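The values are calculated or read from the model by the stated rules, or taken from the named source; none is laboratory data. From a predicted model like this one, the values you see are computed outputs, not experimental measurements. Here the Cβ positions follow ideal geometry from the backbone for every residue, glycine too, while neighbour counts run over all protein chains shown.
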Amino acid sequence: MSELAPAPFLALAALGCALGACTGDEPAPARCAGLAPDACAAALVAEMSLADKVAQMHGTSIVPVGGLYLTADDARLGIPGFRMTDGPRGVRAGFATCFPVAMARGATWDPALEERVGEAIGAEAAGKGANVLLAPTMNLLRHPAWGRAQETYGEDPVHLGAMAAAFVTGAQRHVVANAKHFALNSIEDTRLDVDVTVDERTLREIYLPHFARVVRSAGVGSVMSAYNSVQGAYCSENEHLLRDILKGEWGFRGFVMSDWVFAVHGTASSALAGLDVEMPLGAYYGAPLVAAVDAGEVPLGVVDEAVTRILHTKLAFGLGGAPTVGPEVVESAEHAALAREVARAGMVLLKNEAGALPLDPASLGRVALVGALAAVANLGDEGSSAVHPSHAVSPLAGLSAALGASRVTAVPNDAPSAAELADVAAADAAVVVVGLTSADEGENLGTKGGDRASLALPPAHEALIAAVAAVSPRTIVVIEAGASVTMQSWLASVPAVLMAWYPGQEGGHALADLLLGASSPSGRLPVSFPVAEQDLPLFDHVSHAVTYGYDHGYRHLDRNGTAPLFPFGFGLSYTSFDFAELSLASSSVPADGTLEATVRVTNTGARAGDAVVELYVAQPGVAVVQPSRVLAAFARAPLAPGESALVPLAVRVADLAYWDEATGAFRVEPGSYGVEVGSSARELPLTATFTVP
Ligand code: BGC
């Protein structure tokens, strides 16, 4: 496991006094001159009363103070409190840059870009005085109807782990990141009490590997326990998840905090199971925890362990030291440019026939932009992931800026009149913006948000597409939503479809960049788009007890031989790519080794574009039944017209292990493994095999 970033702490410590020689006013790091975080935390714990310790273990206000959720400072010992802010697409406190939602960023398949987003959001959080960022949301998308689908990166644990780890690495240059919600939080409407039953193999192979990755290789400083329960134990008091796996097997050194208000159900039960911090108040961890220790229900050692973790994190991340950035980073021009770059990189071109796209600004006369969403900057969820930028660009504003307002005819409603449709018919192309909003999906706010009732577009939007397609042969449908949408009823009636997700504050400009061909679409689906909802496992957002099976997403479709509408990993471009020369460094790789492969990718078209190379592995499945294939590695390759590159891909064989129920451990199956490389889970022209002896 990588150590938490110690650099800021050491810099401060070098300037500090030493414990015992301090006046008491110095920040904790300065009091530990020359000590490593571990030793300093231990020394501070030794100086604390039980009340001091418990005060470190809970929040102090149910509502944010200056946009931040707080835990207490310890003035006597110079220990700063946590100052926390959401969230996954930007900072929720005051005005901040609103990036595209995580699902859109997942569609970039570009961890290096995501690291820059994590760094930008982390910097804005620090610029607002926060020291903990309540992101990334990294629950596996078991089903696209999950209301908070937009907050996570997709349906595959390898892809999700790579994106979340990149975000954490970037964010933790400025603040402590928070991997949430641990674990199996993938239903919104019943999230407060749904009990998820899952067998150990499914838990280990499907729902946890991405969390393990952010702990082990990104050194995430904090983890948030989910509201729901797993196997009958609430996640905030789930000893198997918190102690056995997270803190035990994975060696997590940071702290575990609860989700907000309704997540904690008992004092001793939570403390004993390994919950370190209750948020946003101390309903169970204030006076009740002191009493539980006094009554012998919670050993003092349990409190000491929690406080040691909290202090270690504060020290290792240099909390209380000089801020890494000032407030000027918030909503900087650089961050707006990054938001536009990411929005562009994450939009997925799903269909493009008869040269419908790109629209050529040189030859094009007039474009009709249709639908109520055309005139709105549709940013997504209004719950804890909401971000409020001081400006945001709608599709209409973006297209008007690029083309000139006189060449854009706006029909910003979902039921155009006959006269408006005549105007649309007379334009050279019609762009119809449809999809969902925070009213349809998102965190469940009672009156809006929550899980989706259907994967179809709202009926009014299907009717709008039909009305426009009937008058304009060049109808381009732009969809805004947090995850998959079914389209079977109308897809054949239009030549082009672009999935824009919730594209953030610069979404309108990014959309114009792609529609007008200033850049080539390069997003790839991080989630399968089914033909019909019944092609996926049942999404039950009503019952309070559900069972998660082994298969979901592309694994489920593959096992059942069901063709998706658009497969996982799919996305078109304005150029074309050739994949060739799959070569493995060795045909035999030991169980503790790494498979190294290269693939030649050539841009065979006339425009620049980014290819995404996806490598899947088919496992032998001798001892246990395996999925047909699993994503094991991927890389994004920007290529000029005619350019060719040898793209390296690496797979740790240990990551292909299955969970052996008999021994309670991961086990690599010896035998012959298939390697399949291509541009989606259903387009894998290159194959090879290797053996694990
Ligand atoms: C959400 C968390 C969020 C917290 C604080 C909860 O309702 O589930 O994701 O970080 O509120 O806003």
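Within the stretch 187-197, does at least one residue satisfy the condition of being touching a helix residue (DSSP H, G or I) at 6+ places or on another chain (Cβ under 7 Å) and closer than 25 Å to residue 482 by Cα? Within the stretch 187-197, not a single residue is touching a helix residue (DSSP H, G or I) at 6+ places or on another chain (Cβ under 7 Å) and closer than 25 Å to residue 482 by Cα.
When only residues in the stretch 47-56 that are surrounded by fewer than 24 Cβ atoms within 10 Å (Cβ to Cβ), modelled with pLDDT of 95 or more and not basic (Lys, Arg) count, which is farthest from the ligand (Cβ to nearest atom)? Filtering first and then ranking leaves 49. Scanning the stretch 225-242 turns up no residue that is under 26 Å from residue 526 (Cα atoms) and acidic (Asp, Glu).
Counting only strands (runs of 3 or more DSSP E) that sit completely within the stretch 613-693, those holding 1 or more residues that are basic (Lys, Arg) correspond to 630-639, 644-652, 665-667. Does the stretch 125-137 hold any residues that are within 11 Å of the ligand (Cβ to nearest atom) and part of a loop (DSSP other than H, G, I, E, B), and which are they? Selection gives 134, 135, 136. Here is the figure for the stretch 20-56: residues that are in contact with a strand residue (DSSP E or B) (Cβ under 6 Å, 6 or more places away or on another chain) and assigned to a loop (DSSP other than H, G, I, E, B) total 1. Taking (1) farther than 28 Å from residue 441 by Cβ; (2) buried (at least 21 other Cβ atoms within 10 Å of the Cβ); (3) touching a strand residue (DSSP E or B) at 6+ places or on another chain (Cβ under 8 Å) in turn, residue 385 satisfies each apart from (1).
Could you name every one of the helices (runs of 4 or more DSSP H) located completely within the stretch 282-392 that has at least 2 residues being under 30 Å from residue 33 (Cα atoms) and out of contact with any Lys or Arg (no Cβ under 6 Å at 6 or more places or on another chain)? It would help to see each step written out before you state the result.
Working: elements: 287-294, 300-316, 333-346.
In the stretch 282-392, the matching helices (runs of 4 or more DSSP H) lie at 300-316.
Residues of the stretch 561-603 that are surrounded by 14 or more Cβ atoms within 10 Å (Cβ to Cβ), among the hydroxyl-bearing types (Ser, Thr, Tyr) and not in a loop (DSSP other than H, G, I, E, B): 594, 598, 602. The conditions of being farther than 26 Å from residue 334 by Cβ and either surrounded by 24 or more Cβ atoms within 10 Å (Cβ to Cβ) or within 13 Å of the ligand (Cβ to nearest atom) (or both) are not met by residue 167. State yes or no: is residue 156 surrounded by fewer than 24 Cβ atoms within 10 Å (Cβ to Cβ) and either in contact with a Leu (Cβ under 6 Å, 6 or more places away or on another chain) or charged (D, E, K, R) (or both)? Against the criterion (surrounded by fewer than 24 Cβ atoms within 10 Å (Cβ to Cβ) and either in contact with a Leu (Cβ under 6 Å, 6 or more places away or on another chain) or charged (D, E, K, R) (or both)), residue 156 does not qualify.
Scanning the stretch 372-396 for residues being closer than 20 Å to residue 330 by Cβ, of a type in the set (A, V, I, L, M, F, W, C) and over 20 Å from the mean Cα position of the chain (by Cα) gives a total of 3. Which residues, counting only those in the stretch 170-210, are away from the ligand (no atom under 15 Å from the Cβ) and under 16 Å from the mean Cα position of the chain (by Cα)? Those that are away from the ligand (no atom under 15 Å from the Cβ) and under 16 Å from the mean Cα position of the chain (by Cα): 170, 172, 206, 207, 208, 209, 210.
Has the stretch 452-467 got at least one residue that is more than 16 Å from the ligand (Cβ to nearest atom) and of a type in the set (Val, Ile, Thr)? Yes, the stretch 452-467 has at least one match. Among the candidates 455, 491, the residue that is touching a residue at least 12 places away in the same chain (Cβ under 8 Å) and farther than 30 Å from residue 427 by Cβ is uniquely 455. Residues in the stretch 223-273 that are among the aromatic types (Phe, Trp, Tyr) and either more than 24 Å from the chain's Cα centre (by Cα) or within 16 Å of the ligand (Cβ to nearest atom) (or both): 227, 234, 255, 260, 262. Note on the stretch 80-108: residues that are outside any loop (DSSP other than H, G, I, E, B) and within 14 Å of the ligand (Cβ to nearest atom) amount to 4.
The residues of the stretch 274-288 that are within 15 Å of the ligand (Cβ to nearest atom) and acidic (Asp, Glu) amount to a single one, 278.
Among the residues of the stretch 17-63, those that are within 23 Å of residue 292 (Cα to Cα) and polar (S, T, N, Q) comprise 49, 56, 60, 61. Cβ separations smaller than 9 Å between residues 6+ apart or across chains give the following pairs from the stretch 146-162 residues that are over 22 Å from residue 542 (Cα atoms) to residues that are among the basic types (Lys, Arg) and modelled with pLDDT of 95 or more: 153/105; 156/555; 157/213; 158/213; 160/213; 161/213; 162/213.
As a summary of the residue check, residue 70 satisfies the conditions (1) under 17 Å from residue 319 (Cα atoms); (2) part of a loop (DSSP other than H, G, I, E, B) except for the one numbered (2).
A count restricted to the stretch 505-535 and to residues that are more than 17 Å from residue 432 (Cβ to Cβ) and touching a Ser or Thr at 6+ places or on another chain (Cβ under 8 Å) stands at 16. In the stretch 508-526, the residues that are under 11 Å from residue 574 (Cα atoms) reach residues that are surrounded by 24 or more Cβ atoms within 10 Å (Cβ to Cβ) and of a type in the set (Lys, Arg) with C-beta atoms within less than 6 angstrom, at least six apart or across chains, in these pairs: 519/344.
One residue stands out in the stretch 506-555 among those that are part of a loop (DSSP other than H, G, I, E, B) and of a type in the set (S, T, N, Q): the one that is surrounded by the most Cβ atoms within 10 Å (Cβ to Cβ), namely 528. Inclusion of residue 217 among residues that are closer than 15 Å to residue 247 by Cα and within 16 Å of the ligand (Cβ to nearest atom) is not warranted.
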